[in-house]
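One structure below.
Read-outs: derived from the displayed coordinates by stated rules, not from any lab. All of these numbers come straight from a predicted model, not from anything done at the bench. Neighbour counts are summed over all protein chains in view; Cβ atoms, including those assigned to glycine, are modelled from backbone coordinates with ideal geometry.
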Amino acid sequence: MTHLGSLALYLALVLAAYAVASSLWGARQGRRVWIASGAQAVYAVCGCVVIASAALIHALLSEDFNVEYVASYSSSTLPIQYKIAAFWGGQKGSLLFWTLILVCFSAIVQVQNRDKNRDLMPYVTASLMTISLFFLGLLCFLTPPFERLTFTPAEGSDLNPLLQNYWMTIHPPALYLGYISAAVPFAFAMAALATGRLGPVWIQTTRRWALTSWFFLSMGNLLGGRWAYEVLGWGGYWAWDPVENAAIMPWFTATAYLHSVMIQEKKNMLKVWNMVLVILTFALTIFGTFLTRSGVISSVHSFTQSGLGPYFMAFLVLVLAGAFGLLVYRLPELKSDNELDSIVSRESAFLLNNLVFVGLAFATFWGTVFPILSEWVRGVKITVGPPFFNQVNAPLGVVLLFLTGVGPVIAWRRASIKSLRRNFTAPLVWGLVTGLLFFLFGYRHYYAVTVFSIAGFVLGTIVVEFYRGTRARQAMLDESSPQALGKLVSKNPRRYGGYVVHVGVVLISIGITGSSFFKLEDQRTVEHGQRFEIGRYSLEYAGITPYDDAHYSAQIATVRVFVDGRQLDTLRPEKRVYKKQQQPTTEVSIRPSLLEDLYVVLGSYDAPSGLATFQVFVNPLLSWIWIGGFVLILGTCITLAPNPAERQALARTTERVEGEAVAD
């Protein structure tokens, strides 16, 4: 089976090269048969990579330890869900997984556009297959996933214990889906630049792809935060680790693009800017892959040091040079048709929003690469830690939160004093009341109260928008409130789904602020039956229970939680040792609530004395991060909902543009 997988990868490499050549030759010569042949080759590449992926999964599940990758990342005692997750748990497998998603997306693009965008598609195919060629080249010549050992070990080395967690099965796939789907808008942008078809078609065609990429990037970052919160045992969820930064940077630029592209659709402005954002988003996904595989940074998320770094850097340079070269060539044709009419307008708010997002991406990028540059230039290794990122990015985040409330309700072109008063009076009052309520409930840090007030303001603007839209439908169509609200959202899912996303952002901001400014932490060494206090909680250590199976052994502590003398819960933090690698891990125990999380870690246990050391955190409002994430995902799903009117408009635009192309 592994021989078949290896053969399939080499065949996919040849077919991908053929798809590039056939598509470009057909476009240059105007030969549809060659273009169609290139499209068919994409399906064949997809089939080959699917076969190779199935072969690697089969090797993992059948415990074929003669395959070097299986011996390094699996074992006979590894639970089956982690044997499957081992597919993306190591360097070679994750590159194959990346390639699998990319070629599957490429095939979907071919199906979606089989009867439209005929001028763009040869270049879209060539772009996607060129990216595929790079990854297939790595798999065939530098990191072959089916490499065999000269002997067959009796047992595998096992998957890294930190990866043996539920979130391993969903976080990397979500993040990869977000990374790789960014290639589709990039490919269409390159096709538009190559053909000179710079109108709205490529943007409208890729809108759902851009949203899909943003959706999975959002989910990937949220799930990664949850994974860090549960697995690493440090009481936090985001440490500005270089690999975390690599995941958040394309999210910043993708979010900026989704906002600024609305200005291009409405006002035919910011054409060059949107091209730049699409290029940067894709480039940052490649840069993130470079960081995790180059060995230039130290991170719990990165793969072992390898020689792939120079290849990824060279590919990134070629991508940027080619993309920006095309952009410069087409600059005269990308001139905006309109200009800003007023600083006090929705266009200005969206533009400022974009500048803040790009500022966040740049600050994060600079903080990530500065230690690398310093070591290269001066030979001195400098660490840039969370204080830098928090000091720079937190104020930008507050500005961004405020703009979240301003942008959607301020008027296009020019806002009058009357409209500003009508739209913002109630939300401003709501914001002040929200800040006062948090202050009265004991949250008295000035920075935190400011954020809570802005959060209340943003929620106020969203509520006002839903209220006015619902009342307008009721007045015109005599509908009930629930019916009017449902029709309001279904008729314009893009707008109102976006508002729901903003609600999720507000809730996440509340959770981040509460857990950052009002966190409690304590560490105690106690004996059996002894109690200790933290915040309003009294914790009693009630003993250790051993556990042992073929895969790992554990010491499970029992901790009873009391509030005001009444037992509230029983928590069971663990200390595990995985037998294959003899690596200890911490399994935390969390009692979540809307008000605060109680987070208990078993630091150590001394059997002779019976003493146990616990580290305990109280994280106020932290659950609102995960609730906000759920709301954000819900809002994105609403935005992605089918919209017949939008689909018909795209079809009309495509027909008109293709008709003009035929006439030319």
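Applying 1/(1 + (r/R0)^6) with R0 = 56 Å to the Cβ-Cβ distance of residue 40 and residue 447 gives a FRET efficiency near 0.45. The packing ranking of peptides 401-410, 506-515, highest mean first, is 506-515, 401-410, where packing means the average number of other beta carbon atoms within 10 angstrom of each residue.
Rank these for me by crowding, 121, 313, 168, going from fewest to most other beta carbons within 10 Å. Don't skip to the answer; put the middle values down first.
Details: 121 25, 313 15, 168 22.
Fewest-to-most Cβ neighbours within 10 Å comes out as 313, 168, 121.
The ranking of 468, 208 from fewest to most other beta carbons within 10 Å of each one's beta carbon is 468, 208. In terms of the Cα gyration tensor, with a ≥ b ≥ c the square roots of its eigenvalues, is the chain rounded because a/c is under 1.5, prolate because a/b exceeds b/c, or oblate? The shape class here is oblate.
Legend: calculated FRET efficiency, residue 313 to residue 388, from the Cβ-Cβ distance at R0 = 30 Å, rounded to 0.05, equals 0.80.
Sorting 75, 132, 37, 609 by the number of Cβ atoms found within 10 Å of their own Cβ, with the fewest placed first, yields 609, 37, 75, 132.
Only aspartates and glutamates eight or more places from residue 267 in sequence, or on another chain, were considered; those with a Cα closer than 17 Å are 333, 337, 339, 341, 347.
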